[in-house]
Amino acid sequence: MSVPAIELRGLEKSFGLAKIIQGVDLKIDKGERHAIIGPNGAGKSTLFNLITGKYAPTAGSVHLHGQDVSGKKPFEINRMGLSRSFQITNIFHNMTVFENVRCGLLWSMGYKYSFWHMVNGQRHLTEKADEILEQINLTSRRNVVAGALAYAEQRALEIGITIAGGADIIMLDEPCAGMSHSETDLIVDLIRKVTEGKTLVVVEHDMGVIFDLADRISVLVYGEIIESDTPENVRASKAVQEAYLGTTLEDAG
Ligand SMILES: Nc1ncnc2c1ncn2[C@@H]1O[C@H](COP(=O)(O)OP(=O)(O)OP(=O)(O)O)[C@@H](O)[C@H]1O
């Protein structure tokens, strides 16, 4: 059996006396699209931040491609091929769409932003950035400042920046938050396209998105995974229905 892209072993995280993540074991295969869902306050963001290195575990460990990365810094984990979205706050609003993507590329290559002028002429960077713009359907908005983009376009740009470095594990935190149904459909298509062949971990409230996109879903309740299975099995799970207090999963979105 191949080594999982991500493996969590007995993972725990406490903030003061509150144990928010209560011993999570999870394996996510290479190339799998995996969603983490759960009621408000279940600990989804905390789990996300443990995997990406923003938080160090209180106990247990995080493994990427079999290597223990517990306690490593986010940039070290990023260098090992894991890239996460930072929500639109990470977009540079005064820079153009193209410059934002190029910035993502430079960042992944380890350049400092102050080296900007030195790399300005590098054609391969420009070509690569344009390729990404094409993938995220923003070519026609290339020279517009990011702050002038519509909200859904900004979320697409955020995804473009996340994938820019060519990481093979992509982690997205609520990529469809605040979107209309039609915008959500477009972003889901985009996510499917740009993560082809990669491992995807997505935390999302919108159940429609999850059931459409994920190969497997883990349901987190009070910091524990109560189910980790295919969308069909999760949908049918009594424990999951109960966790959502009698609402159907579709209603819970
Ligand atoms: N840095 C922190 N310090 C103290 N408590 C925290 C911290 N981060 C999260 N918590 C607490 O941990 C619990 C889980 O929060 P978390 O944001 O991980 O849940 P979530 O499932 O992502 O919630 P939501 O769906 O509402 O975004 C909450 O009670 C929250 O107040």
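Values in this text are rule-based calculations from the coordinates and carry no lab data. All figures in this text were calculated on a predicted structure; none of them were measured in a lab. Don't worry about glycine lacking a Cβ; one is built from the backbone with ideal geometry, like all the others, and counts go over all protein chains shown.
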Alpha-carbon centroid distance for the pair the stretch 1-28 / the stretch 173-250, whole angstrom: 19 Å
Inter-centroid distance (Cα atoms) of the stretch 119-162 relative to the stretch 66-86, Å: 24 Å
MRE, 222 nm, helices only [DSSP H, n ≥ 4, -39500 (n - 2.57), over the chain, to nearest 500]: -10500 deg cm²/dmol
Computed over the chain: relative contact order in percent, which uses C-alpha pairs under 8 Å that are six or more apart: 25 percent
Local electrostatic count at residue 203 - Lys and Arg +1, Asp and Glu -1, tallied over other residues with Cβ under 9 Å: -2
Chymotrypsin sites (Phe, Trp or Tyr not before Pro) lying in DSSP loop within the stretch 145-253, provided at most 16 other Cβ fall within 10 Å: 222
Residue 142 paired with residue 124, simple spin-label distance in nm, labels 7 Å along Cα-to-beta-carbon: 2.0 nm
Exposure proxy ranking, count of Cβ atoms within 10 Å, fewest first, for 95, 207: 95, 207
Filtered GluC sites (Glu not before Pro), the stretch 4-76: DSSP coil and at most 15 other beta carbons within 10 Å: none
Highest average packing first - 125-137, 156-168, Cβ atoms within 10 Å: 156-168, 125-137
Set of lysines near residue 27 by C-alpha distance (under 26 Å), chain-local residues within fewer than 8 positions excluded: 13, 19, 44, 54, 72, 73, 193, 198, 238
